[in-house]
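Reviewing the structure listed below.
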Amino acid sequence: MDCGVYVDGHRLPGTHSLVAARAKVRELGEGFVWVGLHEPDADQMREVAEVFGLHRLAAEDAVRAHQRPKVERYDDTVVLVLKTVKYIPHESISKARDIVGTGEIMIFVGPDFVVTVRHGDFSGLTGVRKEMDADPHHLRLGPFAIMHAIADHVVDDYRDVSLRVETDIDSMEEQIISPRSTTDVDQIYLLKREILELRRAVNPLSDALHEIVSEYQDLIGKEVLRYLRDVIDHQTMAAERINTYDELLTSLVTA
């Protein structure tokens, strides 16, 4: 667990317990707490929920994981679920067993806190926190700026993975149309299964992001909303690209 206190765009030095961090923010009357958890058990999540007033049902979901991308609101707390994806390098498509790995991130955002809960090996946020720690202007926008930064990071991975998968599909297409070549249809179906997993991760996030920018304007500042609209554009492009891959692979099966 990583627990940091942020005031005026900077992380305060030292280590803080959950209770001490929340008390510090309330004492100062400004700033927020960012808590990062990786695969917490029920007791750990219950402690976090008690300190930050998280809804019991949402806290239970954070322990179980395996949810589809979605957004929920509990009073002044917003809960966003994202699926993370990573490309698994392989020597060739014929030798690959897995092409896309997935994980999950659940983000709780309140007036003075952010709690991120990660599941899986493809959901790391160390880079995001380092980038945010080096960007006081963005941090001054408050807890929802952290949510934007994480969503932006996840969607960037969607674009990167989709482009790398496209290389595999191009290689498969070239192999199929080459004279006297033989192709195992199982290789095409492997790609179709991986594309299906990508679609399940990417497509539902569109509705969640649109709901945030249209329904939660009373909680989120205008500048963060502008940043989120940019994330929506990138997510839409990634989703459209992935949807075309499935159609192309169906035509390769026919071929």
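The values are calculated or read from the model by the stated rules, or taken from the named source; none is laboratory data. Small disclaimer: the values here were computed from a predicted structure and weren't measured. When we count neighbours, we look across all protein chains shown, and the Cβ atoms used for this are built from the backbone with ideal geometry, even at glycine. Ligands, DNA and RNA are stripped out before the accessible areas are found, and what is left, the full protein with its side chains, is counted by its heavy atoms. Shrake-Rupley method; radii C 1.70, N 1.55, O 1.52, S 1.80 Å.
Scanning region 65-72 finds no residues that are of a type in the set (Val, Ile, Thr), touching a Ser or Thr at 6+ places or on another chain (Cβ under 8 Å) and surrounded by fewer than 22 Cβ atoms within 10 Å (Cβ to Cβ).
Residues in region 108-117 that are crowded, with 23+ Cβ neighbours inside 10 Å and either at pLDDT below 95 or aliphatic (A, V, I, L, M) (or both): 4 in all. Looking only at residues in region 14-49 that are in contact with a helix residue (DSSP H, G or I) (Cβ under 9 Å, 6 or more places away or on another chain) and acidic (Asp, Glu), the one that is surrounded by the fewest Cβ atoms within 10 Å (Cβ to Cβ) is ASP41.
Please work out if ASP76 is open to solvent by 40 Å² or more (accessible area, probe 1.4 Å), closer than 16 Å to ARG11 by Cβ and touching a strand residue (DSSP E or B) at 6+ places or on another chain (Cβ under 7 Å). Steps first, please.
Values: open to solvent by 40 Å² or more (accessible area, probe 1.4 Å): yes; closer than 16 Å to ARG11 by Cβ: no; touching a strand residue (DSSP E or B) at 6+ places or on another chain (Cβ under 7 Å): yes.
No.
Considering every residue within region 205-219, establish whether at least one is within 25 Å of GLY127 (Cβ to Cβ) and among the acidic types (Asp, Glu). Scanning region 205-219 turns up no residue that is within 25 Å of GLY127 (Cβ to Cβ) and among the acidic types (Asp, Glu). Within this structure, ILE195 fails the test of being hydrophobic (A, V, I, L, M, F, W, C), touching a helix residue (DSSP H, G or I) at 6+ places or on another chain (Cβ under 8 Å), open to solvent by less than 10 Å² (accessible area, probe 1.4 Å) and at pLDDT 95 or above.
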